[in-house]
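The values are calculated or read from the model by the stated rules, or taken from the named source; none is laboratory data. Quick caveat, the model's predicted, so the values are computed rather than measured. Cβ sites come from the backbone with ideal geometry, for glycine too, and all protein chains shown count toward neighbours.
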Amino acid sequence: MATPDGVFAATERDTDEDGSLLKMLRFDTGSSSASLSAVAEWDLTGDLPDVDDNGGFEGITWVPDAFLTAGGFRDDHTKAPYDPATYAGHGTGGFTRVATIASGFPKVMELEFDPETGSLWSVCDDTCDGKSATLKIVDGKFTVSATYARPSQMSDYNNEGFAIAPPSTCAGGRKAVVWADDSADGGHALRAGTLPCGGNRT
């Protein structure tokens with residue numbers, strides 16, 4: 001996941017030991033070093049429910065503070081409007097669980113925020129027949145606004161990644177989307193489609 005603060009990745013297991021290891025890592029892609037090492041990491045294992053060693057983070061996304069505050073997003077715990085300034089370490093390396101979001105699916109394999117539509121996409125793999133959902137902020141919470149079947153031309157693949165091209169790439173009223181197939185069915189790990197510019201449908 002690329003953000004103005006660098007590139008972030010998530011881990012779900014420790015390959016040297018049994019059990020999950022839920023960490024977020026930040027990388028500085030502007031570095032001139034010959035190797036890329038994390039410049040910061042956050043271990044969230046103790047703040048999240050216990051999971052098996054292949055049941056941790058499947059997707060992460062970045063939602064701008066400005067979008068959350070403008071949309072009236074609320075803190076689940078305090079019930080107060082989200083205010084970035086009230087969280088210790090915000091923007092400098094801290095973390096606070098602000099909300100738990102009902103995704104619309106029993107499991108989620110990917111999250112993708114589309115700033116053009118203000119939609120948070122929740123994506124499920126063949127566990128849910130390849131369905132996806134969009135969530136919008138309603139009464140302070142992200143709430144499922146629509147659910148979509150996978151594209152009719154796409155088989156029920158083990159898609160565990162989903163990316164939406166930025167609005168600047170819009171051509172002919174559409175912008176590209178890409179699915180990542182974790183099983184590389186048919187020898188293909190990536191498949192492409194489109195969304196209407198400013199729209200929500202696959």
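Is at least one residue of segment 42-60 assigned to a helix (DSSP H, G or I) and either in contact with a Leu (Cβ under 7 Å, 6 or more places away or on another chain) or in the same structural domain as Lys141 (by TED's automatic domain parsing) (or both)?
First, pick out the residues of segment 42-60 that are assigned to a helix (DSSP H, G or I): 45-47.
Still in the list and also either in contact with a Leu (Cβ under 7 Å, 6 or more places away or on another chain) or in the same structural domain as Lys141 (by TED's automatic domain parsing) (or both): 45.
Yes, there is a match, as at least one residue in segment 42-60 is assigned to a helix (DSSP H, G or I) and either in contact with a Leu (Cβ under 7 Å, 6 or more places away or on another chain) or in the same structural domain as Lys141 (by TED's automatic domain parsing) (or both).
Within segment 125-146, the residues that satisfy the criterion of being within 25 Å of Ser183 (Cα to Cα) and either outside any strand (DSSP E or B) or among the β-branched types (Val, Ile, Thr) (or both) are Asp125, Asp126, Thr127, Cys128, Asp129, Gly130, Lys131, Thr134. When segment 25-56 is limited to residues that are at pLDDT below 85 and under 17 Å from the mean Cα position of the chain (by Cα), the one that is surrounded by the fewest Cβ atoms within 10 Å (Cβ to Cβ) turns out to be Leu48.
The C-beta contact set for segment 65-84 (first residue more than 20 Å from Ser119 (Cβ to Cβ), second residue assigned to a loop (DSSP other than H, G, I, E, B), distance under 6 angstrom, 6+ apart or interchain) comprises Asp75/Tyr82; Asp75/Val98; Asp76/Ala99; Pro84/His90. Within segment 150-178, residues that are more than 16 Å from Glu116 (Cα to Cα) have Cβ atoms under 6 Å from residues that are surrounded by 11 or more Cβ atoms within 10 Å (Cβ to Cβ) and of a type in the set (S, T, N, Q) in these pairs: Pro151/Thr202; Asn158/Ser183, counting only partners at least 6 apart in sequence or on another chain. Within segment 113-124, is even one residue of a type in the set (D, E, K, R), assigned to a loop (DSSP other than H, G, I, E, B) and at pLDDT 95 or above? No, because not a single residue in segment 113-124 is of a type in the set (D, E, K, R), assigned to a loop (DSSP other than H, G, I, E, B) and at pLDDT 95 or above.
If you go through segment 169-197, how many residues are of a type outside the set (Phe, Trp, Tyr) and in contact with a Lys or Arg (Cβ under 9 Å, 6 or more places away or on another chain)? Working first, answer last.
Of segment 169-197, the ones of a type outside the set (Phe, Trp, Tyr) are 169-178, 180-197.
Keeping just the survivors that are in contact with a Lys or Arg (Cβ under 9 Å, 6 or more places away or on another chain) gives 169, 178, 180-181, 194-197.
Residues that pass the stated criteria total 8.
Might you let me know whether segment 84-96 holds any residue that is surrounded by 13 or more Cβ atoms within 10 Å (Cβ to Cβ) and over 23 Å from Asp5 (Cβ atoms)? No, there is no match, as no residue in segment 84-96 is surrounded by 13 or more Cβ atoms within 10 Å (Cβ to Cβ) and over 23 Å from Asp5 (Cβ atoms).
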